[in-house]
1. Just to be sure before I move on: is Phe163 in contact with a helix residue (DSSP H, G or I) (Cβ under 9 Å, 6 or more places away or on another chain) and either within 16 Å of ligand 1 (Cβ to nearest atom) or within 26 Å of Cys289 (Cα to Cα) (or both) in the structure I sent?
2. Suppose we keep only residues that are within 16 Å of ligand 1 (Cβ to nearest atom) and part of a loop (DSSP other than H, G, I, E, B) within region 91-129. Which one would you say is nearest to His267 (Cα to Cα)?
3. Is region 20-34 home to any residue that is among the small types (Gly, Ala, Ser) and within 16 Å of ligand 2 (Cβ to nearest atom)?
4. Does Val250 qualify as being in contact with a Gly (Cβ under 8 Å, 6 or more places away or on another chain), closer than 30 Å to Ser181 by Cβ and not basic (Lys, Arg)?
5. Go over the candidates Phe157, Phe182, Phe175, Phe163 one by one and state the one that is crowded, with 23+ Cβ neighbours inside 10 Å, more than 19 Å from the chain's Cα centre (by Cα) and modelled with pLDDT of 95 or more.
6. Looking only at region 275-313, how many residues end up being within 20 Å of the chain's Cα centre (by Cα), over 19 Å from His228 (Cβ atoms) and in a loop (DSSP other than H, G, I, E, B)?
7. With respect to Gly366, determine if the residue is in a loop (DSSP other than H, G, I, E, B), touching a residue at least 24 places away in the same chain (Cβ under 8 Å) and either within 27 Å of Val96 (Cα to Cα) or among the aromatic types (Phe, Trp, Tyr) (or both).
Amino acid sequence: MTRLWFESAFLATGWAQDVAVTVENGIIAALDAGSPPAPGDERHAIALPGLPNLHSHAFQRAFAGATEVRGPTGDSFWTWREAMYRAVDRMDPEDVEAIAAQAYVEMLEAGFTRVGEFHYLHHGRDGRPYADIGELSARIASAAEATGIALTLLPVFYAHGSFGGQAPNHGQRRFINDVESFGRLMQSAARALAPLPDAMLGLAPHSLRAATSEEIAAILPLTEGPVHIHVAEQMKEVEDCLAWSGRRPVEYLLDNAPVDARWCLIHATHMTPDETVRMARSGAVAGLCPITEANLGDGIFPAPAFVAAGGAYGVGSDSNVLIDAAGELRQLEYSQRLAHRARNVLAMSEGRSTGATLFDSALRGGAQALGGSPGLAVGAPADIVSLAMGHPALEGRQGDGALDGWVFAVAQGGIDCVWRRGEKLVEGGRHRHREAVRQRFRAALARIVS
Ligand code: NGQ
Ligand code: ZN
């Protein structure tokens with residue numbers, strides 16, 4: 001049993017003062033508000049629940065910041081994707097594990113305690129499955145286990161190069177399965193997750209480009225876990241979908257798949273007002289990845305209309321070009337401010353704090369999308385983040401004001417400690433395995449580049 005004590009804590013029921021947290025076997029066994037610290041309690045100032053990172057492609061951390069040089073033709077999402085495929089070509093299982101561990105350390109240090117790994121890199125460099133078809137899923141699981149982050153693994157079904165079941169291209173050969181081989185992959189992934197506490201298994205048709213609606217229907221029964229899909233991220237995708245089907249991607253998906261609260265639609269950037277309301281009413285979570293969406297030039301999600309229609313959202317670090325939980329929330333709000341030339345857009349109503357609204361929404365939407373627990377409550381894993389109150393932008397801040405300070409006014413060093421299942425993984429902003437993980441990451445990069 002461990003006891004932690006906080007001057008204040010953002011509990012599932014709201015802010016509470018003088019909170020003692022009793023942890024037994026990783027689970028919050030008791031939450032006592034208004035109780036003075038007992039001798040031996042470890043004391044901290046402000047406790048937040050860890051945020052879920054609902055969308056990651058961990059391997060992409062390897063080339064973060066390395067695709068920012070202008071090429072010969074107009075640079076775009078699609079030229080970035082070519083560069084990404086070239087990087088993928090060079091990775092072996094050991095590299096994938098080392099890169100994922102690096103990304104997960106950075107996520108924990110940023111305040112993310114669960115990751116939804118949208119995992120589509122399955123096969124060897126020649127495109128042939130490994131002896132265990134789930135080899136790379138197991139590597140992701142190992143990286144999560146070594147770093148301590150909670151994992152929702154979303155093995156990705158990817159069969160085609162574009163709409164209408166087109167053949168995949170050479171750069172996609174490591175991603176490809178049919179329904180039968182994907183079934184074996186899911187079984188292997190389930191075995192890999194078995195030793196991980198709090199792990200969840202879902203699945204993810206990559207996009208309407210990569211999976212037909214018949215294939216989506218065929219794979220859905222393979223799990224009861226969450227279902228994620230990329231949709232309507234780029235205008236070219238919208239145009240291609242219209243040319244092929246006469247419908248826009250979100251419209252097509254809502255018409256052809258049983259989209260409900262089990263689903264998470266990643267990006268959903270380009271929607272008409274009608275699609276926006278329909279998606280909100282479906283109960284699916286919008287998986288927004290504001291930093292990556294800005295980096296890739298995707299566009300701006302129609303957040304005010306979606307939220308006004310009752311839509312739920314969470315955030316993900318996606319390409320992992322920058323791993324920053326507060327930064328995702330800030331970018332989400334700032335994109336809206338720039339688009340609407342307004343302030344405090346996602347606070348939605350008078351008197352509400354923008355930082356607290358973003359945080360609470362991402363917490364609940366992320367938990368729904370990843371099958372985790374929404375916040376600090378008895379019976380939930382003790383996944384806790386403490387703010388570094390020595391930071392000048394947090395000076396004297398309390399409650400929602402501390403969240404506004406953390407989201408908008410802290411560039412670095414806003415997080416002090418992070419506990420997963422009551423175990424302190426991050427202290428003074430540093431993960432306890434930071435150096436060892438970095439060494440392995442460095443060696444992997446050297447192999448990939450050479
Ligand atoms: C991915 N990533 O699967 O990694 C995608 C790009 C695609 C982002 N959209 C590839 N950020 O959508 O075809
Ligand atoms: Zn993605």
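The values are calculated or read from the model by the stated rules, or taken from the named source; none is laboratory data. Keep in mind that what you see is a predicted model, and the values were worked out from it rather than measured. Ideal geometry is used to build each Cβ from the backbone, glycine not excepted, and the neighbour counts take in all protein chains shown.
1. Yes, satisfied.
2. Tyr120
3. no
4. no
5. On inspection, the qualifying residue turns out to be Phe182.
6. The qualifying residues number 4.
7. Judged against the criteria, Gly366 is not a match.
Conditions tested, residue by residue: (1) in contact with a strand residue (DSSP E or B) (Cβ under 7 Å, 6 or more places away or on another chain); (2) closer than 26 Å to Gly202 by Cβ; (3) assigned to a strand (DSSP E or B); (4) modelled with pLDDT of 95 or more.
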residue	(1), (2), (3), (4)
Gly372	yes, yes, no, no
Ala393	no, no, no, yes
Leu403	no, no, no, yes
Trp406	yes, no, no, yes
